[in-house]
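Input: a single structure, listed below in C-alpha coordinates.
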Amino acid sequence: MTSTHSVLPPLTSVADIPEIPDIERMRRETGARLRAAMADRGIDALILLGNNSVVYAAGVSWPLGDAGLSYVERPVAVVLVDDPHPHLFLPFREGASSESGLPADHLHGPVYLEFDEGVERFARLLPELIPASAVIAVDELTGAMRRAQPQLFLSGPPSDAAQIVGAAKLIKTPDEIACINTAVKITDTAMVDVQAALAPGIRQIDLSAEFTRRTFELGAMASMLEPIWQVMPKFKADGVWTTHGDLALPLLTTERELAAGDVLWTDVSITYQGYCSDFGRTWIVGDQPTARQHAQYDKWQEIMDAVLGVVRAGATVADLGRTATKANGGVRPWLPHFYLGHSIGVNAAEIPMIGTDLGDDFDENFVLEPGMVMVLEPVVWEEGTGGYRSEEIVVITEDGHIRLTNYPYAPYGVR
(Lines give C-alpha, C1' and ligand atoms only; values in the text may rest on other atoms or scores of the structure.)
Protein backbone atom coordinates (compact mmCIF):
# COMPACT_ATOMS: atom_id res chain seq x y z
CA MET A 1 0.00 0.00 0.00
CA THR A 2 1.31 3.44 -0.88
CA SER A 3 1.78 5.71 2.12
CA THR A 4 2.90 9.30 2.57
CA HIS A 5 4.49 8.23 5.86
CA SER A 6 7.82 6.47 6.19
CA VAL A 7 7.70 2.71 6.57
CA LEU A 8 8.37 1.68 10.15
CA PRO A 9 11.14 -0.89 10.72
CA PRO A 10 10.32 -4.30 12.22
CA LEU A 11 9.69 -4.22 15.96
CA THR A 12 12.41 -5.83 18.05
CA SER A 13 12.01 -4.05 21.41
CA VAL A 14 9.63 -1.78 23.30
CA ALA A 15 11.72 1.17 22.11
CA ASP A 16 10.65 0.41 18.51
CA ILE A 17 6.95 0.83 19.30
CA PRO A 18 5.74 4.34 18.36
CA GLU A 19 5.26 6.40 21.50
CA ILE A 20 2.23 8.09 19.92
CA PRO A 21 0.22 6.07 17.39
CA ASP A 22 -0.38 7.66 14.02
CA ILE A 23 -4.13 7.14 13.87
CA GLU A 24 -4.52 8.20 10.23
CA ARG A 25 -1.81 5.77 9.12
CA MET A 26 -3.24 3.02 11.30
CA ARG A 27 -6.75 3.35 9.85
CA ARG A 28 -5.38 3.39 6.33
CA GLU A 29 -3.30 0.24 6.93
CA THR A 30 -6.00 -1.71 8.79
CA GLY A 31 -8.50 -0.76 6.10
CA ALA A 32 -6.16 -2.12 3.44
CA ARG A 33 -5.72 -5.36 5.40
CA LEU A 34 -9.49 -5.78 5.69
CA ARG A 35 -10.12 -5.16 1.99
CA ALA A 36 -7.30 -7.55 1.08
CA ALA A 37 -8.93 -10.25 3.23
CA MET A 38 -12.20 -9.59 1.41
CA ALA A 39 -10.56 -9.86 -2.00
CA ASP A 40 -8.83 -13.10 -1.05
CA ARG A 41 -12.23 -14.65 -0.29
CA GLY A 42 -14.15 -13.13 -3.20
CA ILE A 43 -16.29 -10.87 -1.01
CA ASP A 44 -17.54 -7.59 -2.47
CA ALA A 45 -19.13 -6.07 0.64
CA LEU A 46 -19.25 -6.52 4.41
CA ILE A 47 -22.15 -5.57 6.65
CA LEU A 48 -20.85 -5.36 10.21
CA LEU A 49 -22.94 -5.07 13.37
CA GLY A 50 -20.59 -6.39 16.05
CA ASN A 51 -19.14 -3.48 17.98
CA ASN A 52 -15.54 -4.70 17.79
CA SER A 53 -15.78 -5.37 14.06
CA VAL A 54 -17.16 -1.87 13.51
CA VAL A 55 -14.32 -0.38 15.57
CA TYR A 56 -11.77 -2.21 13.42
CA ALA A 57 -13.42 -1.43 10.09
CA ALA A 58 -14.56 2.15 10.65
CA GLY A 59 -11.96 3.53 13.04
CA VAL A 60 -14.37 4.87 15.61
CA SER A 61 -14.62 4.47 19.35
CA TRP A 62 -17.52 5.06 21.67
CA PRO A 63 -18.27 4.44 25.36
CA LEU A 64 -20.40 1.33 24.89
CA GLY A 65 -17.96 -1.20 23.49
CA ASP A 66 -20.01 -4.24 24.50
CA ALA A 67 -22.60 -5.33 21.93
CA GLY A 68 -24.61 -6.83 24.79
CA LEU A 69 -25.11 -3.35 26.21
CA SER A 70 -25.68 -1.46 22.97
CA TYR A 71 -27.35 -3.85 20.58
CA VAL A 72 -30.29 -1.56 19.84
CA GLU A 73 -28.46 1.72 19.19
CA ARG A 74 -25.34 0.16 17.76
CA PRO A 75 -23.34 1.53 14.85
CA VAL A 76 -23.38 -0.45 11.61
CA ALA A 77 -20.57 -0.43 9.05
CA VAL A 78 -20.72 -1.28 5.35
CA VAL A 79 -17.31 -1.99 3.81
CA LEU A 80 -16.84 -2.21 0.02
CA VAL A 81 -13.83 -4.02 -1.40
CA ASP A 82 -13.09 -1.17 -3.84
CA ASP A 83 -13.70 1.79 -1.49
CA PRO A 84 -10.98 2.88 0.98
CA HIS A 85 -13.63 4.41 3.26
CA PRO A 86 -16.35 2.37 5.00
CA HIS A 87 -19.89 3.66 5.30
CA LEU A 88 -20.96 4.16 8.90
CA PHE A 89 -24.53 4.26 10.17
CA LEU A 90 -24.29 5.91 13.56
CA PRO A 91 -26.94 6.74 16.18
CA PHE A 92 -24.61 9.30 17.79
CA ARG A 93 -22.18 11.64 16.05
CA GLU A 94 -19.68 11.94 18.91
CA GLY A 95 -18.29 8.52 17.95
CA ALA A 96 -17.42 9.70 14.43
CA SER A 97 -14.55 11.93 15.50
CA SER A 98 -12.44 13.72 12.92
CA GLU A 99 -9.60 11.21 13.33
CA SER A 100 -11.77 8.48 11.81
CA GLY A 101 -11.11 10.15 8.47
CA LEU A 102 -14.51 9.29 7.03
CA PRO A 103 -15.87 11.61 4.32
CA ALA A 104 -19.16 13.30 5.11
CA ASP A 105 -21.01 11.27 2.46
CA HIS A 106 -19.93 8.05 4.23
CA LEU A 107 -21.55 9.05 7.52
CA HIS A 108 -25.23 8.18 7.79
CA GLY A 109 -27.99 8.28 10.35
CA PRO A 110 -28.95 5.31 12.51
CA VAL A 111 -30.46 2.04 11.32
CA TYR A 112 -32.19 -0.01 13.99
CA LEU A 113 -31.66 -3.52 12.74
CA GLU A 114 -33.34 -5.19 15.70
CA PHE A 115 -36.68 -4.01 14.33
CA ASP A 116 -38.55 -4.81 11.12
CA GLU A 117 -39.00 -1.10 10.36
CA GLY A 118 -35.26 -0.47 10.67
CA VAL A 119 -34.41 -3.39 8.40
CA GLU A 120 -36.94 -2.22 5.82
CA ARG A 121 -35.25 1.20 5.76
CA PHE A 122 -31.80 -0.40 5.55
CA ALA A 123 -32.94 -2.55 2.63
CA ARG A 124 -33.98 0.60 0.77
CA LEU A 125 -30.60 2.25 1.42
CA LEU A 126 -28.31 -0.67 0.54
CA PRO A 127 -28.88 -0.63 -3.27
CA GLU A 128 -27.37 2.87 -3.29
CA LEU A 129 -24.15 1.42 -1.85
CA ILE A 130 -23.93 -2.23 -2.91
CA PRO A 131 -24.58 -3.58 -6.44
CA ALA A 132 -27.35 -6.18 -6.68
CA SER A 133 -24.90 -8.86 -7.82
CA ALA A 134 -22.41 -8.26 -5.01
CA VAL A 135 -21.25 -11.14 -2.79
CA ILE A 136 -21.97 -10.02 0.78
CA ALA A 137 -20.73 -11.22 4.15
CA VAL A 138 -22.33 -10.36 7.52
CA ASP A 139 -20.96 -10.85 11.02
CA GLU A 140 -24.35 -10.92 12.80
CA LEU A 141 -27.96 -11.36 11.76
CA THR A 142 -30.75 -10.03 13.94
CA GLY A 143 -34.14 -11.72 13.92
CA ALA A 144 -35.54 -8.92 11.79
CA MET A 145 -32.66 -9.30 9.32
CA ARG A 146 -33.27 -13.05 9.05
CA ARG A 147 -36.92 -12.42 8.24
CA ALA A 148 -35.95 -9.96 5.50
CA GLN A 149 -33.01 -11.83 3.92
CA PRO A 150 -34.48 -11.86 0.37
CA GLN A 151 -34.83 -8.06 0.49
CA LEU A 152 -31.40 -7.44 2.07
CA PHE A 153 -29.27 -9.93 0.15
CA LEU A 154 -30.33 -9.86 -3.48
CA SER A 155 -27.55 -12.17 -4.69
CA GLY A 156 -28.22 -14.92 -2.16
CA PRO A 157 -27.55 -15.78 1.50
CA PRO A 158 -24.57 -13.92 2.99
CA SER A 159 -21.24 -15.43 3.99
CA ASP A 160 -19.69 -15.19 7.47
CA ALA A 161 -17.87 -11.87 7.84
CA ALA A 162 -16.31 -12.90 11.16
CA GLN A 163 -13.87 -15.12 9.26
CA ILE A 164 -12.75 -12.18 7.13
CA VAL A 165 -12.43 -9.65 9.94
CA GLY A 166 -10.67 -12.23 12.08
CA ALA A 167 -8.08 -12.90 9.37
CA ALA A 168 -7.40 -9.20 8.91
CA LYS A 169 -6.96 -8.61 12.66
CA LEU A 170 -4.42 -11.38 13.26
CA ILE A 171 -1.31 -9.29 12.61
CA LYS A 172 -1.18 -5.83 14.15
CA THR A 173 0.45 -2.80 12.60
CA PRO A 174 3.01 -0.87 14.69
CA ASP A 175 0.39 1.80 15.37
CA GLU A 176 -2.12 -0.80 16.56
CA ILE A 177 0.54 -2.15 18.89
CA ALA A 178 1.18 1.41 20.08
CA CYS A 179 -2.53 1.74 20.93
CA ILE A 180 -2.48 -1.56 22.84
CA ASN A 181 0.70 -0.48 24.62
CA THR A 182 -0.92 2.82 25.62
CA ALA A 183 -3.97 0.98 26.96
CA VAL A 184 -1.63 -1.31 28.94
CA LYS A 185 0.24 1.68 30.40
CA ILE A 186 -3.02 3.33 31.42
CA THR A 187 -4.19 0.14 33.08
CA ASP A 188 -0.90 -0.55 34.86
CA THR A 189 -0.75 3.03 36.18
CA ALA A 190 -4.33 2.96 37.45
CA MET A 191 -3.82 -0.39 39.16
CA VAL A 192 -1.07 1.10 41.34
CA ASP A 193 -3.73 3.26 43.01
CA VAL A 194 -6.23 0.40 43.17
CA GLN A 195 -3.77 -1.96 44.83
CA ALA A 196 -2.80 0.79 47.29
CA ALA A 197 -6.47 1.11 48.27
CA LEU A 198 -6.82 -2.63 48.91
CA ALA A 199 -7.61 -3.20 52.59
CA PRO A 200 -10.01 -5.21 54.77
CA GLY A 201 -13.49 -3.68 54.63
CA ILE A 202 -13.25 -2.22 51.14
CA ARG A 203 -15.95 -3.42 48.76
CA GLN A 204 -15.37 -4.94 45.35
CA ILE A 205 -17.41 -2.14 43.76
CA ASP A 206 -15.18 0.44 45.47
CA LEU A 207 -12.19 -1.07 43.66
CA SER A 208 -14.14 -0.87 40.39
CA ALA A 209 -14.98 2.78 41.01
CA GLU A 210 -11.35 3.64 41.77
CA PHE A 211 -10.12 1.79 38.70
CA THR A 212 -12.68 3.29 36.31
CA ARG A 213 -12.18 6.86 37.57
CA ARG A 214 -8.41 6.64 37.36
CA THR A 215 -8.27 5.03 33.92
CA PHE A 216 -10.52 7.66 32.39
CA GLU A 217 -8.41 10.38 33.98
CA LEU A 218 -5.41 8.79 32.26
CA GLY A 219 -7.06 8.65 28.82
CA ALA A 220 -9.12 5.45 28.66
CA MET A 221 -11.97 5.65 26.15
CA ALA A 222 -14.10 2.71 27.29
CA SER A 223 -14.29 0.00 29.92
CA MET A 224 -14.15 -3.23 27.95
CA LEU A 225 -15.45 -5.53 30.67
CA GLU A 226 -16.83 -5.36 34.18
CA PRO A 227 -13.74 -5.25 36.45
CA ILE A 228 -13.24 -8.56 38.25
CA TRP A 229 -11.97 -8.76 41.85
CA GLN A 230 -12.83 -12.36 42.53
CA VAL A 231 -12.31 -13.85 45.97
CA MET A 232 -10.98 -17.35 45.39
CA PRO A 233 -11.99 -20.22 47.68
CA LYS A 234 -9.26 -22.11 49.52
CA PHE A 235 -10.75 -25.39 48.32
CA LYS A 236 -12.59 -26.13 45.07
CA ALA A 237 -15.42 -27.71 47.06
CA ASP A 238 -16.01 -24.35 48.76
CA GLY A 239 -16.55 -22.54 45.47
CA VAL A 240 -19.74 -22.08 43.50
CA TRP A 241 -21.12 -25.03 41.53
CA THR A 242 -19.93 -25.38 37.93
CA THR A 243 -20.87 -27.79 35.16
CA HIS A 244 -17.26 -28.93 34.78
CA GLY A 245 -16.61 -29.36 38.51
CA ASP A 246 -13.66 -26.97 38.51
CA LEU A 247 -13.24 -23.38 39.64
CA ALA A 248 -15.65 -20.68 38.48
CA LEU A 249 -14.12 -17.63 36.79
CA PRO A 250 -15.07 -14.86 36.37
CA LEU A 251 -17.73 -14.07 38.94
CA LEU A 252 -19.36 -10.64 38.81
CA THR A 253 -18.30 -7.88 41.15
CA THR A 254 -20.74 -7.11 43.99
CA GLU A 255 -20.91 -5.01 47.16
CA ARG A 256 -19.06 -7.75 49.02
CA GLU A 257 -16.66 -6.41 51.64
CA LEU A 258 -13.21 -7.91 51.39
CA ALA A 259 -11.65 -9.52 54.45
CA ALA A 260 -8.07 -9.94 55.60
CA GLY A 261 -6.48 -12.93 53.90
CA ASP A 262 -8.85 -12.96 50.91
CA VAL A 263 -7.06 -14.11 47.75
CA LEU A 264 -8.16 -11.98 44.78
CA TRP A 265 -7.86 -12.91 41.13
CA THR A 266 -8.11 -9.62 39.23
CA ASP A 267 -9.12 -9.17 35.59
CA VAL A 268 -9.74 -5.78 33.94
CA SER A 269 -9.68 -4.31 30.44
CA ILE A 270 -10.03 -0.79 29.03
CA THR A 271 -9.64 0.60 25.52
CA TYR A 272 -7.58 3.34 23.93
CA GLN A 273 -8.56 4.32 20.38
CA GLY A 274 -10.63 1.13 20.34
CA TYR A 275 -7.73 -1.16 21.36
CA CYS A 276 -7.75 -3.17 24.58
CA SER A 277 -5.58 -3.80 27.57
CA ASP A 278 -5.81 -6.98 29.63
CA PHE A 279 -4.58 -7.08 33.22
CA GLY A 280 -4.51 -9.98 35.64
CA ARG A 281 -2.71 -10.37 38.95
CA THR A 282 -3.30 -12.22 42.22
CA TRP A 283 -3.46 -10.12 45.36
CA ILE A 284 -3.99 -10.85 49.06
CA VAL A 285 -6.07 -8.47 51.16
CA GLY A 286 -4.30 -7.04 54.20
CA ASP A 287 -1.84 -9.91 54.53
CA GLN A 288 1.27 -11.52 53.06
CA PRO A 289 1.46 -14.84 51.20
CA THR A 290 2.32 -17.97 53.10
CA ALA A 291 5.29 -20.11 52.13
CA ARG A 292 2.91 -22.38 50.16
CA GLN A 293 1.47 -19.39 48.32
CA HIS A 294 4.93 -18.08 47.47
CA ALA A 295 5.74 -21.54 46.13
CA GLN A 296 2.64 -21.39 43.91
CA TYR A 297 3.82 -18.11 42.46
CA ASP A 298 7.26 -19.65 41.86
CA LYS A 299 5.60 -22.50 39.93
CA TRP A 300 3.56 -19.99 37.91
CA GLN A 301 6.74 -18.06 37.08
CA GLU A 302 8.46 -21.30 36.07
CA ILE A 303 5.59 -22.06 33.68
CA MET A 304 5.55 -18.53 32.28
CA ASP A 305 9.32 -18.51 31.75
CA ALA A 306 9.12 -21.85 29.96
CA VAL A 307 6.35 -20.61 27.64
CA LEU A 308 8.14 -17.33 26.93
CA GLY A 309 11.18 -19.39 26.02
CA VAL A 310 9.36 -20.79 22.98
CA VAL A 311 7.26 -17.74 22.03
CA ARG A 312 8.50 -16.54 18.65
CA ALA A 313 7.50 -16.44 15.01
CA GLY A 314 7.24 -19.95 13.58
CA ALA A 315 6.10 -21.60 16.81
CA THR A 316 2.62 -23.09 16.88
CA VAL A 317 0.22 -22.38 19.70
CA ALA A 318 0.37 -26.13 20.37
CA ASP A 319 4.08 -25.65 21.16
CA LEU A 320 3.09 -23.15 23.85
CA GLY A 321 0.45 -25.45 25.31
CA ARG A 322 2.79 -28.45 25.42
CA THR A 323 5.53 -26.39 27.04
CA ALA A 324 3.21 -25.06 29.74
CA THR A 325 1.84 -28.53 30.47
CA LYS A 326 5.32 -30.05 30.72
CA ALA A 327 6.45 -27.27 33.08
CA ASN A 328 3.42 -28.03 35.26
CA GLY A 329 4.26 -31.72 35.64
CA GLY A 330 2.01 -32.93 32.83
CA VAL A 331 -1.17 -31.14 33.97
CA ARG A 332 -2.67 -28.32 31.94
CA PRO A 333 -2.15 -25.06 33.90
CA TRP A 334 -5.39 -23.40 32.90
CA LEU A 335 -9.06 -23.78 33.76
CA PRO A 336 -11.08 -26.24 31.64
CA HIS A 337 -13.44 -23.56 30.31
CA PHE A 338 -10.64 -21.11 29.48
CA TYR A 339 -7.25 -21.19 27.83
CA LEU A 340 -3.52 -20.81 28.31
CA GLY A 341 -3.67 -17.64 26.27
CA HIS A 342 -5.32 -15.65 23.51
CA SER A 343 -4.73 -12.77 21.15
CA ILE A 344 -5.87 -9.20 21.85
CA GLY A 345 -6.73 -6.13 19.79
CA VAL A 346 -10.08 -4.38 19.39
CA ASN A 347 -11.46 -7.25 21.46
CA ALA A 348 -10.01 -8.28 24.81
CA ALA A 349 -9.86 -11.91 23.63
CA GLU A 350 -9.33 -12.73 19.96
CA ILE A 351 -8.29 -15.79 17.96
CA PRO A 352 -6.17 -17.76 18.57
CA MET A 353 -7.20 -19.23 21.90
CA ILE A 354 -4.67 -21.79 23.12
CA GLY A 355 -5.80 -25.15 24.48
CA THR A 356 -9.56 -24.89 24.04
CA ASP A 357 -12.26 -27.04 22.46
CA LEU A 358 -11.19 -25.61 19.10
CA GLY A 359 -9.13 -28.79 19.24
CA ASP A 360 -5.60 -30.08 18.85
CA ASP A 361 -5.65 -29.72 15.06
CA PHE A 362 -6.34 -26.00 15.41
CA ASP A 363 -3.49 -25.56 17.88
CA GLU A 364 -1.04 -27.62 15.78
CA ASN A 365 -1.81 -25.66 12.61
CA PHE A 366 -1.89 -22.14 14.00
CA VAL A 367 1.59 -20.66 13.51
CA LEU A 368 2.64 -17.46 15.27
CA GLU A 369 3.79 -14.61 13.03
CA PRO A 370 5.59 -11.31 13.71
CA GLY A 371 3.14 -8.61 14.76
CA MET A 372 0.70 -10.90 16.53
CA VAL A 373 -0.07 -9.86 20.10
CA MET A 374 -0.74 -12.56 22.69
CA VAL A 375 -1.96 -12.63 26.29
CA LEU A 376 -0.55 -15.52 28.31
CA GLU A 377 -2.38 -16.42 31.54
CA PRO A 378 -1.46 -19.76 33.12
CA VAL A 379 -3.15 -20.75 36.37
CA VAL A 380 -1.59 -22.67 39.24
CA TRP A 381 -3.93 -24.26 41.76
CA GLU A 382 -3.25 -26.05 45.03
CA GLU A 383 -5.97 -26.93 47.49
CA GLY A 384 -5.91 -24.76 50.59
CA THR A 385 -4.20 -21.74 49.02
CA GLY A 386 -6.61 -19.81 46.74
CA GLY A 387 -4.36 -20.42 43.74
CA TYR A 388 -2.32 -18.07 41.59
CA ARG A 389 -3.05 -16.42 38.24
CA SER A 390 -1.44 -13.53 36.36
CA GLU A 391 -1.44 -12.27 32.77
CA GLU A 392 1.35 -11.07 30.48
CA ILE A 393 0.93 -9.38 27.08
CA VAL A 394 3.64 -10.01 24.47
CA VAL A 395 4.22 -9.00 20.85
CA ILE A 396 5.54 -11.78 18.60
CA THR A 397 8.81 -10.99 16.78
CA GLU A 398 11.00 -12.96 14.36
CA ASP A 399 13.34 -14.17 17.08
CA GLY A 400 11.26 -13.90 20.24
CA HIS A 401 8.84 -11.44 21.77
CA ILE A 402 8.40 -7.96 23.24
CA ARG A 403 6.81 -7.81 26.67
CA LEU A 404 4.21 -5.05 27.11
CA THR A 405 2.97 -5.79 30.63
CA ASN A 406 5.12 -3.97 33.20
CA TYR A 407 3.49 -4.48 36.59
CA PRO A 408 5.02 -6.12 39.68
CA TYR A 409 3.75 -9.36 41.21
CA ALA A 410 3.68 -8.13 44.81
CA PRO A 411 2.83 -9.36 47.37
CA TYR A 412 3.87 -12.64 45.72
CA GLY A 413 7.49 -13.25 44.88
CA VAL A 414 8.60 -10.69 47.51
CA ARG A 415 10.32 -12.26 50.51
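How many residues, within the stretch 323-337, are of a type outside the set (A, V, I, L, M) and either open to solvent by less than 10 Å² (accessible area, probe 1.4 Å) or in contact with a Leu (Cβ under 7 Å, 6 or more places away or on another chain) (or both)? First the steps, then the outcome.
Our first condition is that a residue be of a type outside the set (A, V, I, L, M); within the stretch 323-337, this holds for 323, 325-326, 328-330, 332-334, 336-337.
Next cut, either open to solvent by less than 10 Å² (accessible area, probe 1.4 Å) or in contact with a Leu (Cβ under 7 Å, 6 or more places away or on another chain) (or both) only: 333-334.
Residues that pass the stated criteria total 2.
Just one of THR189, THR182 is buried (at least 22 other Cβ atoms within 10 Å of the Cβ) and of a type in the set (Val, Ile, Thr); which is it? Before the answer, list the steps.
Values: THR189 fails: buried (at least 22 other Cβ atoms within 10 Å of the Cβ).
It is THR182.
Scan the stretch 323-336 for residues that are in contact (Cβ under 8 Å) with a residue 12 or more places away in the chain and out of contact with any Ser or Thr (no Cβ under 8 Å at 6 or more places or on another chain) and jot them down.
Of everything in the stretch 323-336, those that are in contact (Cβ under 8 Å) with a residue 12 or more places away in the chain and out of contact with any Ser or Thr (no Cβ under 8 Å at 6 or more places or on another chain) turn out to be THR323, ALA324, LYS326, ALA327, ASN328, TRP334, LEU335, PRO336.
Kindly provide the set of residues from the stretch 296-322 that are free of Cβ contacts under 8 Å to residues at least 24 places away in the same chain, over 15 Å from VAL367 (Cα atoms) and either open to solvent by less than 20 Å² (accessible area, probe 1.4 Å) or in a helix (DSSP H, G or I) (or both), ordered by number. Outline the logic, then answer.
Residues of the stretch 296-322 that are free of Cβ contacts under 8 Å to residues at least 24 places away in the same chain, as a first pass: 305-306, 309-310, 319, 322.
Remaining after also requiring over 15 Å from VAL367 (Cα atoms): 305-306, 309.
ASP305, ALA306 - these are the residues of the stretch 296-322 that are free of Cβ contacts under 8 Å to residues at least 24 places away in the same chain, over 15 Å from VAL367 (Cα atoms) and either open to solvent by less than 20 Å² (accessible area, probe 1.4 Å) or in a helix (DSSP H, G or I) (or both).
Which one of the conditions (1) part of a loop (DSSP other than H, G, I, E, B); (2) modelled with pLDDT of 95 or more; (3) open to solvent by less than 10 Å² (accessible area, probe 1.4 Å) does VAL119 fail to meet, given that it meets all the rest?
Against the list (1) part of a loop (DSSP other than H, G, I, E, B); (2) modelled with pLDDT of 95 or more; (3) open to solvent by less than 10 Å² (accessible area, probe 1.4 Å), VAL119 comes up short only on (1).
Could you check how many residues of the stretch 222-281 are part of a loop (DSSP other than H, G, I, E, B), closer than 15 Å to MET191 by Cα, in contact (Cβ under 8 Å) with a residue 60 or more places away in the chain and open to solvent by less than 10 Å² (accessible area, probe 1.4 Å)?
Residues meeting the conditions: 4.
Look through the stretch 123-136, keep the residues that are touching a residue at least 40 places away in the same chain (Cβ under 8 Å) and surrounded by 15 or more Cβ atoms within 10 Å (Cβ to Cβ), and return whichever of them is nearest to ILE47 (Cα to Cα).
Filtering the stretch 123-136 for residues that are touching a residue at least 40 places away in the same chain (Cβ under 8 Å) and surrounded by 15 or more Cβ atoms within 10 Å (Cβ to Cβ), the one nearest to ILE47 (Cα to Cα) comes out as ILE136.
Counting residues that are closer than 25 Å to ILE284 by Cβ, which strands (runs of 3 or more DSSP E) fully inside the stretch 323-406 reach at least 1?
On the way: elements: 341-343, 350-354, 373-376, 392-397, 400-403.
Those strands (runs of 3 or more DSSP E) span 341-343, 373-376, 392-397, 400-403.
The values are calculated or read from the model by the stated rules, or taken from the named source; none is laboratory data. Please read all numbers here as calculations on a predicted model, not as lab measurements. Ideal geometry is used to build each Cβ from the backbone, glycine not excepted, and the neighbour counts take in all protein chains shown. Heads up: the accessible areas ignore ligands, DNA and RNA and are worked out on the full protein's heavy atoms, side chains in. Shrake-Rupley method; radii C 1.70, N 1.55, O 1.52, S 1.80 Å.
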